[in-house]
Amino acid sequence: MADENIGTKEVKDKSKGMMLIIIVMLGVLIAAIVGGVILLLTQINTDGDGGQTVIFHEVPPVTEQDIRVVPLTTTIQTNLLQAPGGARHIVRLDVAIGINDTDVDEADEFEQVLREREAAILDRITSILRRTTRDDIDREGGSDLLAEEILISLQDAFDTRMIVRVYFPNIVTH
């Protein structure tokens, strides 16, 4: 009889241990679901260095007067993709980024983020330019298509639609 009680006690101890593990796992699962819902409700954008978290909400379509133009301080000059059988070309351009200015405080904060990350923005734009030929830029509407490609790339990089336009105040290919 004593041996039967020992076996029953071991089973009860294992059951309590398993129950505790299940409760802890359930708590972790609930915390993960709540965190996921919070992330879905707001867009969270952190810099690559693990710095400050900045939250930018989705923005409605804007009119031209609602766009703040933020010029980049560096002129980009880089090689373009060589067309098959064609000559090598370079492009020199200035870039300005149009951001939604309907919420001035949010636009001020986002402009600061753009200024802090200008080197990464320039790198992303240069990478796109190096995959582009002179013919791509010089054809009718070519610079508009290039601006759209850069816009989409920057929106993806910042995970926001605060960026609404890309401008080329000066663009020269040779």
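The values are calculated or read from the model by the stated rules, or taken from the named source; none is laboratory data. Everything numeric here is computed off the predicted structure, so don't read it as measured data. Because the Cβ atoms are built from the backbone with ideal geometry, glycine has one as well, and the counts that use them run over all protein chains shown.
Taken over region 128-141, residues that are buried (at least 17 other Cβ atoms within 10 Å of the Cβ) and not aliphatic (A, V, I, L, M) amount to 4. In region 98-127, of all residues being aliphatic (A, V, I, L, M) and farther than 18 Å from ILE150 by Cβ, the one that is surrounded by the most Cβ atoms within 10 Å (Cβ to Cβ) corresponds to ALA107. Out of ASP94, ASP103, one residue alone is among the charged types (D, E, K, R) and closer than 17 Å to THR75 by Cβ. It is ASP94.
Only residues that are aliphatic (A, V, I, L, M), within 15 Å of ARG134 (Cα to Cα) and exposed (fewer than 14 other Cβ atoms within 10 Å of the Cβ) were counted in region 61-97, giving 3.
On the basis of being in the same structural domain as GLN65 (by TED's automatic domain parsing), in contact with a helix residue (DSSP H, G or I) (Cβ under 7 Å, 6 or more places away or on another chain) and over 14 Å from PRO71 (Cα atoms), does ARG161 make the cut? Yes. Can you confirm whether VAL34 is more than 21 Å from GLU109 (Cβ to Cβ), at pLDDT below 90 and either basic (Lys, Arg) or not in a strand (DSSP E or B) (or both)? Taking the combined requirement at face value, the residue satisfies it. Among the residues of region 106-142, what is the count of those that are among the β-branched types (Val, Ile, Thr) and under 15 Å from the mean Cα position of the chain (by Cα)? Residues meeting the conditions: 3.
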